[in-house]
Amino acid sequence: RIDEGYPAVKLRLPTDTKSCVRKMRMVRDAIGDGPEIMVDVQNTWENVSTSVKNTLAIREFNPFWIEEPVMVQDLDGHAKVNAQTGVPVAGGEHIYSKHQFREAFTKGAFSYAQPDAVRIGGFTEIQKVIGMAESWFVPCVPHGAYEVHRHVALAHTQAAVPYVELLTDSEGPLLQILYKDFAFPEQGTGSVPEGAVGLGVELDEAHIREYLVKDTI
């Protein structure tokens, strides 16, 4: 995807430190020093000590962030990793209210917040979270739902929403099935579609029908 103009990539890392270092070295060697590497642990490092150890071990490869290094509910643990490693910690896709985000910001849990409009209650609530995050000087990178969050990004400054996430391996093919002539980013930059109302996309009902499970009884 780097050759398509995407400025950053995301990868998963295993639990043991040596494997983490090996994989990070391979990826950094492959893509060079320019593109950012966002590490998504998905809670698999589990505890603070393992998370700090692994993060310090891969710091030489300049990771952009470490995403959800400890269990989702452990905001104090996120804050400790964030403070002790010198590598930004990201999280929040599994936070379902602005009140929980307020607690996360108060604790210093995240250097980057990842609210999800689909999970947190729509456009109104995610706008509140982003506005709240600005008060703590925490930029937001909305999680997934590219067709929704590109509109959210345009409603704020780049300092508030520097990136919009597009899961090219899973979300990308699905968007092509769901919508007619879906406009993907060009050279890493997204655009707002024109013509359709609402989100600016039109369901491809004929294509969707091909994936329906039919009752054969």
Report task. Please find, among Ser51, Ser19, the residue that is among the hydroxyl-bearing types (Ser, Thr, Tyr), assigned to a helix (DSSP H, G or I) and either touching a strand residue (DSSP E or B) at 6+ places or on another chain (Cβ under 7 Å) or buried (at least 20 other Cβ atoms within 10 Å of the Cβ) (or both). Result -> Ser51
Requested in this report: Spot the failing condition for Val129; the list is (1) of a type outside the set (Gly, Ala, Ser); (2) in a helix (DSSP H, G or I); (3) surrounded by fewer than 22 Cβ atoms within 10 Å (Cβ to Cβ); (4) touching a residue at least 24 places away in the same chain (Cβ under 8 Å), and only one is missed.
Outcome: (3)
Query raised in the report: Does the range 84-105 contain any residue that is farther than 20 Å from Val152 by Cα, modelled with pLDDT of 95 or more, of a type in the set (Gly, Ala, Ser) and within 18 Å of the chain's Cα centre (by Cα)?
Result: yes
Query - Single condition Asn43 does not satisfy, out of (1) farther than 30 Å from Pro185 by Cα; (2) modelled with pLDDT under 95 - result: (1)
Query raised in the report: Looking at Glu46, Glu68, which one is open to solvent by 60 Å² or more (accessible area, probe 1.4 Å) and more than 25 Å from Thr157 (Cβ to Cβ)?
Result: Glu46
Query raised in the report: Is at least one residue of the range 13-29 closer than 18 Å to Ala109 by Cβ and in contact (Cβ under 8 Å) with a residue 24 or more places away in the chain?
Result: no
**Report entry** Filtered residue count, the range 80-97, keeping only those that are in a helix (DSSP H, G or I) and surrounded by 19 or more Cβ atoms within 10 Å (Cβ to Cβ)
**Finding:** 4
Query raised in the report: Scanning for something more than 23 Å from Ile126 (Cα to Cα), touching a Lys or Arg at 6+ places or on another chain (Cβ under 9 Å), touching a residue at least 12 places away in the same chain (Cβ under 8 Å) and of a type in the set (Ser, Thr, Tyr), does the range 51-71 turn up at least one residue?
Result: yes
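The values are calculated or read from the model by the stated rules, or taken from the named source; none is laboratory data. Owing to the predicted nature of the structure, the values given are computational and were not obtained by experimental measurement. Note: ideal-geometry Cβ built from the backbone for every residue, glycine included; neighbour counts use all protein chains shown. Accessible surface is based on the protein model in full, side chains and every heavy atom, while ligands, DNA and RNA are left aside. Shrake-Rupley method; radii C 1.70, N 1.55, O 1.52, S 1.80 Å.
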